[in-house]
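Worksheet: one structure, shown below.
What follows is calculated from the coordinates using simple rules that are stated; it is not laboratory data. Just so it is clear, the model here is predicted, and its values are computed rather than measured. Neighbour counts are summed over all protein chains in view; Cβ atoms, including those assigned to glycine, are modelled from backbone coordinates with ideal geometry.
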Amino acid sequence: MELKFIKDKNSLKTLKVVNKIFKFNRQKAYHQIIKMCKYSLCNRKEHKDGFCIFHCDKKNFTEKEITKFNEEFSEEFERQEKENLNEFNFIEFRFPHTFSFFKKKEFKKAVNLSKATFSGDVYFMEANFSSDVGFIEANFSSDVDFKDATFSGKTYFENATFKGNAYFNGVTFSGDVGFMNANFSGDVRFMDANFSSNADFEDATFSGDVRFMDANFSSNAYFEDATFSGDVSFMDANFSSNVIVAK
């Protein structure tokens with residue numbers, strides 16, 4: 001019986017309800033057959049332990065899985081680049097070891113890598129970020145290298161964790177940059193870095209050696225309640241504005 005032949009309103013309502021129930025059960029069956037990622041904001045298929053290939057743990061990833069991740073991430077990047085979205089959304093992505101996709105990459109819109117986990121060395125050398133960048137609560141398990149990268153918008157590293165060495169040599173921060181409450185376990189290098197706007201290291205913890213040699217601070221630099229446990233050098237650094245070291 002087709003819908004257009006139904007004249008009784010009660011019958012029509014009943015059929016609509018039945019159709020909705022059928023549609024719901026069909027979708028439910030689909031998700032039971034094809035398991036989806038448990039991450040609440042993700043609609044991708046499960047790859048491992050209930051999560052998709054981007055959100056699953058990478059500790060025991062095989063070389064084959066790493067290759068698959070790299071291929072799918074490249075496709076995901078291109079997809080998001082073409083879509084009419086305000087930002088690249090890589091929130092809580094988990095990256096395998098020795099990830100170099102971002103090297104010399106140009107990001108033409110904002111990038112959100114908040115709560116992302118980098119399992120091994122990761123390279124951002126000569127990357128060009130045209131808009132805001134978020135690494136809020138990001139976890140770098142090994143070394144990270146941003147040498148000669150350019151950040152044109154605001155950059156956020158609040159509460160980020162750096163378990164290896166962090167290299168920011170020759171980096172240009174055109175907008176405000178924040179490392180508030182960031183935790184650096186290894187050595188940190190900001191040699192020849194350029195801070196064109198405010199640089200905020202309030203409550204940051206530096207356990208290793210820190211080098212700001214030849215760095216250029218054009219605006220305010222905040223180091224309130226920052227903790228330095230290793231050697232620190234600001235040799236030949238240039239401060240054009242205020243340096244705040246105490247509240």
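Results, tabulated for the structure shown:
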| read-out | value |
| --- | --- |
| Ordering of 195-201, 82-88 by packing [mean C-beta count within 10 Å, highest first] | 195-201, 82-88 |
| Listed pairs Lys38/Lys115; Lys48/Lys109; Lys68/Lys105 exceeding 28 Å between Cα atoms | Lys48/Lys109 |
| Hypothetical label at His97: residues of the range 147-166 whose amide nitrogen lies under 19 Å (7 Å Cα-Cβ projection) | 162-166 |
| Net charge over other residues, Cβ less than 12 angstrom from the Cβ of Ser196 (K, R count +1; D, E count -1) | 0 |
